Amino acid sequence: MAWRRLTARHGDRLGEIMDEYGWPMAELVGEEAARAAWLIAQHADRQLDVQRRALRLMEQAVSAGSASPRELAFLRDRTLVNEGRKQVYGTQIAGVKEGSPVPWPCEEPDRMDELRAEVGIEPFDVYAAKFAMP
């Protein structure tokens, strides 16, 4: 319960920051704060409005070369999954089957690793191996 209150409070604050400044890019707030903003958006699962707004603003920042395409990919997948839709990059894990992580359904599962490579994410098998149970 405390985690939920904390993430909601952080999500509310990120919403205020986005209202005032747009996406908190590293050149504006520093690397650490920019990463923290992304983490807050990424985990604002009960504040879909905050996630959607962060996604839009972060897309603009990535287009301008001021934010990480990799982080944007994770946020896009997380938002899609929270909307009950198929993800793009396979970054969100649905569960574990026979000791290996299984992603939520993807729009184009055959192109998943190609799309991951375009944004600097390792192939799914390499990523999943980090979480596999022996």
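The values are calculated or read from the model by the stated rules, or taken from the named source; none is laboratory data. Computed from a prediction, not measured in an experiment: that's the story for all the values here. We place every Cβ from the backbone using ideal geometry, glycine too, and count neighbours over all the protein chains shown.
Out of all the residues in region 76-88, which are touching a Pro at 6+ places or on another chain (Cβ under 9 Å) and either closer than 25 Å to residue 26 by Cβ or modelled with pLDDT under 95 (or both)?
Residue satisfying the conditions is 77 alone.
Scan (1) surrounded by fewer than 13 Cβ atoms within 10 Å (Cβ to Cβ); (2) among the aliphatic types (A, V, I, L, M); (3) under 25 Å from residue 48 (Cβ atoms) for the single condition residue 126 breaks and write down its number.
All conditions pass for residue 126, except number (3).
Residues are listed down the side, and each one gets a yes or a no for (1) basic (Lys, Arg); (2) modelled with pLDDT of 95 or more; (3) touching a Cys at 6+ places or on another chain (Cβ under 9 Å); (4) closer than 29 Å to residue 113 by Cα:
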{"site": "1", "(1), (2), (3), (4)": "no, no, no, no"}
{"site": "12", "(1), (2), (3), (4)": "no, no, no, no"}
{"site": "28", "(1), (2), (3), (4)": "no, no, no, no"}
{"site": "43", "(1), (2), (3), (4)": "no, no, no, yes"}
{"site": "53", "(1), (2), (3), (4)": "yes, yes, no, yes"}
{"site": "70", "(1), (2), (3), (4)": "yes, yes, no, yes"}
{"site": "74", "(1), (2), (3), (4)": "no, yes, no, yes"}
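For region 1-53, list the helices (runs of 4 or more DSSP H) that sit wholly inside it and hold at least 1 residues that are farther than 19 Å from residue 66 by Cβ, free of Cβ contacts under 8 Å to residues at least 40 places away in the same chain and charged (D, E, K, R); which are they?
Working: elements: 2-21, 26-29, 31-42.
Helices (runs of 4 or more DSSP H) meeting the threshold: 2-21.
For region 119-133, does any single residue satisfy the condition of being free of Cβ contacts under 8 Å to residues at least 24 places away in the same chain, over 26 Å from residue 4 (Cα atoms), in a helix (DSSP H, G or I) and touching a helix residue (DSSP H, G or I) at 6+ places or on another chain (Cβ under 6 Å)?
No: region 119-133 contains no residue that is free of Cβ contacts under 8 Å to residues at least 24 places away in the same chain, over 26 Å from residue 4 (Cα atoms), in a helix (DSSP H, G or I) and touching a helix residue (DSSP H, G or I) at 6+ places or on another chain (Cβ under 6 Å).
Consider residue 71 carefully, then state whether it is of a type in the set (D, E, K, R) and crowded, with 20+ Cβ neighbours inside 10 Å.
On the way: of a type in the set (D, E, K, R): yes; crowded, with 20+ Cβ neighbours inside 10 Å: yes.
Against the criterion (of a type in the set (D, E, K, R) and crowded, with 20+ Cβ neighbours inside 10 Å), residue 71 qualifies.
For region 100-118, which positions are part of a helix (DSSP H, G or I), under 17 Å from residue 80 (Cα atoms) and under 17 Å from the mean Cα position of the chain (by Cα)?
112, 115, 116 - these are the residues of region 100-118 that are part of a helix (DSSP H, G or I), under 17 Å from residue 80 (Cα atoms) and under 17 Å from the mean Cα position of the chain (by Cα).
Any residue in region 13-27 that is loosely packed, with under 14 Cβ neighbours inside 10 Å and either under 14 Å from the mean Cα position of the chain (by Cα) or aromatic (Phe, Trp, Tyr) (or both)?
Yes, because at least one residue in region 13-27 is loosely packed, with under 14 Cβ neighbours inside 10 Å and either under 14 Å from the mean Cα position of the chain (by Cα) or aromatic (Phe, Trp, Tyr) (or both).
Residues in region 112-130 that are over 15 Å from residue 92 (Cβ atoms) and modelled with pLDDT of 95 or more: how many?
7
For region 57-99, name all the residues that are outside any loop (DSSP other than H, G, I, E, B) and aliphatic (A, V, I, L, M). Before you say what the answer is, go through the steps one by one.
First, pick out the residues of region 57-99 that are outside any loop (DSSP other than H, G, I, E, B): 57-63, 69-82, 87, 93-97.
If the condition is that a residue be outside any loop (DSSP other than H, G, I, E, B) and aliphatic (A, V, I, L, M), then 57, 58, 61, 62, 72, 73, 75, 80, 81, 93, 94, 96 are the ones that fit.
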